[in-house]
Amino acid sequence: MTEKDLKSIDVQLPENAYRELNVGEVYRPILAPEYYFAEVTPYSIIMGLILAIVFTAASAYSGLKIGQVMEAAIPISILAIGFSKAFKRKRALGQNVIIQSIGASSGVIVAGTIFTIPAFFILSLSIDYFTIMLATLLGGILGIALVIPFRKYFTTEMHGKLPYPEATAITEILIAGEKEDTNQSKILLISGLIGGVYDFIITSLGWWQEVITTKMFPIGQAIVDKSKIVLKLDTLSMIFGLGYIIGLEYSTIIALGSLLSWLVLVPLINEIGNIVVGIALNPIAKMSAEEIFKNYVKSIGSGAIAMAGIIGIIKSGSIIKGSLKVAFKELFGNQNNDSNLRTQKDIKFVFVLSLILSSLLAFAIFFTGVYHLSIANALVAVGIIFVISFLFTNVAANATALVGTNPVSGMTLMTLIVTSLVLSMLGFQNKTGIALALIIGAAVCTALSVAGGFITDLKVGYWIGNTPKNQQSYKLLGILVSAATAAGVVLLLNSAYGFDTNIPGHLAAPQANAMAGLIEPLLSPKAFVNWNLYLIGALIAIIMNFLKISPLAFALGMYLPIELNTPLVVGGLIAYFAKKSTTDKIKSEERHNKGTLIASGFIAGGALFGVIGAILKLILNSKGIDLYNYTWSNTFQAEWLGLGMFIIISIYVYWQTTKD
């Protein structure tokens, strides 16, 4: 049909946007599939690419300097709205989705780059611009291509079954930005300011403690000293907001995974040491609970995530088979019935297949030409990239849809371990082997990071009604520009600051240091991996699946720090009580949706002010100025104040949500 103007459309998500559909019920997005709307325009492409370049540079700098990659998708959504209003572009909803999708390439490419590439400099290995760009670009292309065949499954068939917290926040922001002076826009703006300022005070000023622990009580300190048992709670409003959107069921499962790690496994490992060698000689007893978690329990969590991914692949085998069947039918000329709808049009599978094969071929040529591998060894390296990327993109997409967090660092560590062992068996126990493993790790890390971010983009497009083909095509362009930018920025930052701890002002690069610390001993003649820890995690995931508990949600809880998981339960409880605050079903749904808007504001405000805080910190640090109050924030009084403020903001959300 002909293009339709958005002015005659009610810019409002349908009431079935966030719930499961009844039998025979169909979700109809804001931009009706029967009509065409302005999406891909010179304005949306240019603006998306500019934001991709800017956020790639900023994210790479902040990630390497302070260990925190700037959240890109949400601030870019806000900026897209701001620019459309500044340039007086009316009815820009479809274009803003494209801007967000292109611009958000920055954060996912940066994560893939800075988690691995700086390890080259840390280990004194040589690497050039072309190699960095090629590894991340091809990895990014692979991540997109592997997600496209499953787009319909994740966005349409799983509608209402997965919470998509980040996609929800982005969608609410874009819709509110399209409206003129509505109550919803006001709610989003106020909650965004409250959440943003609240989080800025914590992270940039240190007026009260971000993470409160049971150590604030004398008995809590005694327990952690003796038994290594400690509970923690992060007081950031954006994490609380994630919990509200995730809901009580999944947030509880995630928290239970954390409780197993911190209340059972950490003290158990310590106690085993006491039993075996005695308290006086137990080296583990000298570790903090955090060190025990990092050195031992996190590996169990990684094993659980890997097994949860395998279980997910097995359980969705029919979905994978069906998706590939439809794709191959299209390849041989048979069209899917849904393909006539604009909102169901993907890039043709023949092109997707070409992207995958071209990426793998480029890797093979690179390995033989640059690292002089035999064709057989090059095929082994390419096989590792493809198999792990194919298996784990499903995990990355599921995790992002479930909790808004992609455990890409854990999956990359698993990739490096497997890769190092394979290369060791092939005789590459040298610097060439380390470089090869890091390149493979960078490619897989980028593929998984991009897959998680891209499923968010596609869900936003599904809710609003954008054409998937447009998002997929121009996401590839965003990946190209972001990869080219990230490679140059990393080399520039290495020249300007370096990663040597002996140099003042060096870049910390915590994730890359962890990768470097792991991979060097693995590719030594006496490489050792404690596979028993990974096996224990795998068995736990199998048990959770047998008990009909989401193994991935539980595994994420085991792997992620406990302080990030406990506030999710608080947010989930507020969502539950808000919905149960009235027996009127319509009013109950209205209150819950209002809470979702407030939670989205918290996430948006926290992300935007986080970017502002990071930029401000980097600028002031270069002048020797630090606004953060370290002395006060490390006191017990600051912890008590943090607890009090968290309680206040929780009560505020419940009050606002239930207020008619």
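The values are calculated or read from the model by the stated rules, or taken from the named source; none is laboratory data. Source: prediction; values computed, not measured. When we count neighbours, we look across all protein chains shown, and the Cβ atoms used for this are built from the backbone with ideal geometry, even at glycine.
Go through segment 509-531 residue by residue and tally those that are at pLDDT 70 or above, loosely packed, with under 13 Cβ neighbours inside 10 Å and closer than 15 Å to GLY427 by Cα. Result for segment 509-531: 1. Listed by position, the helices (runs of 4 or more DSSP H) enclosed by segment 562-655 that each have at least 1 residues that are touching a Pro at 6+ places or on another chain (Cβ under 7 Å) and surrounded by 15 or more Cβ atoms within 10 Å (Cβ to Cβ) are 585-622.
For segment 263-282, taking the residues that are farther than 16 Å from ILE223 by Cα and modelled with pLDDT of 80 or more, the one that is surrounded by the fewest Cβ atoms within 10 Å (Cβ to Cβ) is identified as ILE275. Residues that are touching a residue at least 60 places away in the same chain (Cβ under 8 Å), under 30 Å from LEU31 (Cβ atoms) and in contact with an Asp or Glu (Cβ under 8 Å, 6 or more places away or on another chain) occur at least once in segment 401-413.
For segment 469-486, filtered to residues that are aliphatic (A, V, I, L, M) and at pLDDT 90 or above, the residue that is nearest to VAL147 (Cα to Cα) is LEU476. Of the residues making up segment 3-34, those that are modelled with pLDDT under 80, crowded, with 16+ Cβ neighbours inside 10 Å and not β-branched (Val, Ile, Thr) number 1. Answer yes or no: is there a residue in segment 150-165 that is at negative phi, β-branched (Val, Ile, Thr), touching a strand residue (DSSP E or B) at 6+ places or on another chain (Cβ under 8 Å) and surrounded by fewer than 22 Cβ atoms within 10 Å (Cβ to Cβ). Taking every residue of segment 150-165 in turn, none turns out to be at negative phi, β-branched (Val, Ile, Thr), touching a strand residue (DSSP E or B) at 6+ places or on another chain (Cβ under 8 Å) and surrounded by fewer than 22 Cβ atoms within 10 Å (Cβ to Cβ). Can you name the residue in segment 216-261 that is modelled with pLDDT under 85 and charged (D, E, K, R) and, of all such residues, is farthest from the chain's Cα centre (by Cα)? For segment 216-261, the residue satisfying everything is LYS226. Within segment 410-430, if we keep just the residues that are small (Gly, Ala, Ser) and surrounded by 21 or more Cβ atoms within 10 Å (Cβ to Cβ), the residue that is modelled with the lowest pLDDT turns out to be GLY410.
Can you find even one residue in segment 88-97 that is among the basic types (Lys, Arg) and without any contact (Cβ under 8 Å) to a residue 60 or more places away in the chain? The answer is yes, given that some residue of segment 88-97 is among the basic types (Lys, Arg) and without any contact (Cβ under 8 Å) to a residue 60 or more places away in the chain.
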